[in-house]
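The values are calculated or read from the model by the stated rules, or taken from the named source; none is laboratory data. Here the structure is a predicted model, which means the values were calculated and not measured. In this analysis, Cβ positions are derived from the backbone assuming ideal geometry, glycine residues included, and neighbour counts consider all displayed protein chains. Just so you know, the surface numbers come from the protein's heavy atoms only, side chains and all, with ligands and any DNA or RNA stripped out. Shrake-Rupley method; radii C 1.70, N 1.55, O 1.52, S 1.80 Å.
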Amino acid sequence: MKYRLALGSAVALGFARFAYGLVVPAMRDQLGWSLADAGLQTTANGVGYLLGAIVVAMVVRRLGTARSFRLGMIITTVSLAATAATAIPLLQLLLRATAGFSGALVFVAGTVIAARMADRSAITVYFGGAGLGVALSGLALPLVLDGHPSRWPVAWLLLGAASLAATAVSWSAVTSVQSAAETKAKLGNLWPIGVAYVLFGAGYIVYITFLTAYLKSEHSTAHEIAATWTLIGVAAVVAPPVWSRPLANWPHARAMAVLLTLQVIAALLPLIDRATVLVSAAIVGFTFLNVPASVAALVRRTKAPQEWTAVVGALTVLFAAGQTVGPWPAGFLADHFGAATALWWTAALCLAGALVALCWRTASSVVGSPPNRESSASPAP
């Protein structure tokens, strides 16, 4: 069941957010966009995601977790397919925002469903599902668009069709998970984690958005771009078993700090040596989806089950705020100083987030969390 649930993150993150970076060069060529224009589209997606994160707790209280998840999947699928139907910038912005809004419903509802599963690996598997979305997008879209920027609507139709299939397969994955009475909650001592989450959101999304633009500026071929993105996705798919134990057992926010530090290294590598771009992509794929998983694990460890939706939603608001702020100014700088500026942006913000996470401390887990190893903070070694 956890693998079918993971198709939710494949749609909400892999297709609706990250795959956009693959279509950016074709849309720029065909529609005359600058990098700032392209970043504005990602910002619109972030605004929608932010709004969705703000209202998700209310939606879940009204509809329930399962229905909220399904509703988000349907809206995301429709918005992706509809993006193929217009080249009008304002409508594009609205559709990207809609996909962000519904993606937040899927993201938060799916995270809570995964956290309620008895299988402690469900959280990391759920986030790893986005890697499948990235891998499939990276395998297909660069080859579809190679030399044919006018095919950008075809790319969105393919993403919509894949999302429809994922919606059908994941539909029954949310029915057997027991719901809990949802209550309002405060972040409390998780505020520093929220700050680190903002910095990560503003940093990593720039790498994902402008990676293809950077590769094209370095004269990479379509096959090289496809290989790079496929590697990111494959690395994200195989990462969950590796990170499941550290996320469950490492004290405080050490796992988050390590993940963000690896993101810094990944962003800097291509700046040091162009030949390391595949290594950079592999590190990003191996880590970036596990940062949200580490945050979800901290929530499960420190908050009562009835607070999970509200707290995850609040943290997702902060994460979405970072994603909203990051792309446009990074795109503006990249227009003036070159596409490599986006990598410096990612490295600087992820480094700041790593330092915040490294300094955070927490006490033992809250009474009422599920009785497994993931629900208790291990003592410092």
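For the stretch 27-70, what does the alpha-carbon gyration tensor say about shape, rounded, prolate or oblate, given a ≥ b ≥ c as the root eigenvalues, a/c under 1.5 as rounded, and a/b over b/c as prolate? Cα axes put the stretch 27-70 in the prolate bin. The local environment of GLY103, defined by Cβ-Cβ distances under 15 Å, has a net charge of +3 under the rule Lys, Arg +1 and Asp, Glu -1. So if I take the centroid of the Cα atoms in the stretch 215-290 and the same for the stretch 191-210, what is the distance between those two points in Å? About 14 Å separates the Cα centre of the stretch 215-290 from the one of the stretch 191-210. The modelled label-to-label distance between ALA340 and GLN306, using points 7 Å beyond Cα along the C-beta direction, is 5.6 nm. Taken along the Cα-to-beta-carbon direction at a fixed 7 Å, the label points for LEU278 and ILE74 span 4.4 nm.
The charge dipole of the chain, taken about its Cα centre with unit charges on the Cβ atoms of Lys, Arg (+1), Asp and Glu (-1) only, comes to about 1200 debye.
The residues of the stretch 11-52 expose, per residue, 23 Å² of accessible area to a 1.4 Å probe.
With the simple model of a label 7 Å out from the Cα in the direction of the Cβ, ILE54 to ALA165 spans 3.7 nm. Against the longest alpha carbon principal axis of the chain, how many degrees, from 0 to 90 and to the nearest 10, is the axis of helix 308-325 turned? Tilt relative to the chain: about 30 degrees. Distance between the C-alpha centres of the stretch 315-364 and the stretch 108-175: 24 Å, rounded to the whole angstrom.
Once both axes come from the Cα atoms, what is the angle between helix 65-83 and the longest principal axis of the chain, in degrees from 0 to 90, rounded to 10? Here the helix axis deviates by roughly 0 degrees.
Along the axis of the charge dipole computed for the chain (Cβ charges of +1 for Lys and Arg, -1 for Asp and Glu, origin at the Cα centre), the listed residues ALA342, SER150, VAL112 are led at the positive end by VAL112. Can you compute the FRET efficiency between SER150 and LEU271 using 1/(1 + (r/R0)^6), with r the Cβ-Cβ distance and R0 = 51 Å? Round to the nearest 0.05. About 0.95, to the nearest 0.05. Surface composition of the stretch 322-361: carbon plus sulfur atoms contribute 80% of the solvent-accessible area (1.4 Å probe, protein chains only, all chains present). Scoring 154-161, 135-142, 26-33 by mean Cβ neighbours within 10 Å over their residues and listing the highest first yields 135-142, 154-161, 26-33.
Against the chain, whose longest principal axis comes from its Cα atoms, helix 240-249 is set at around 40 degrees. Beyond 25 Å, the tail of the calculated P(r) for the chain holds 48 percent of the Cα pairs.
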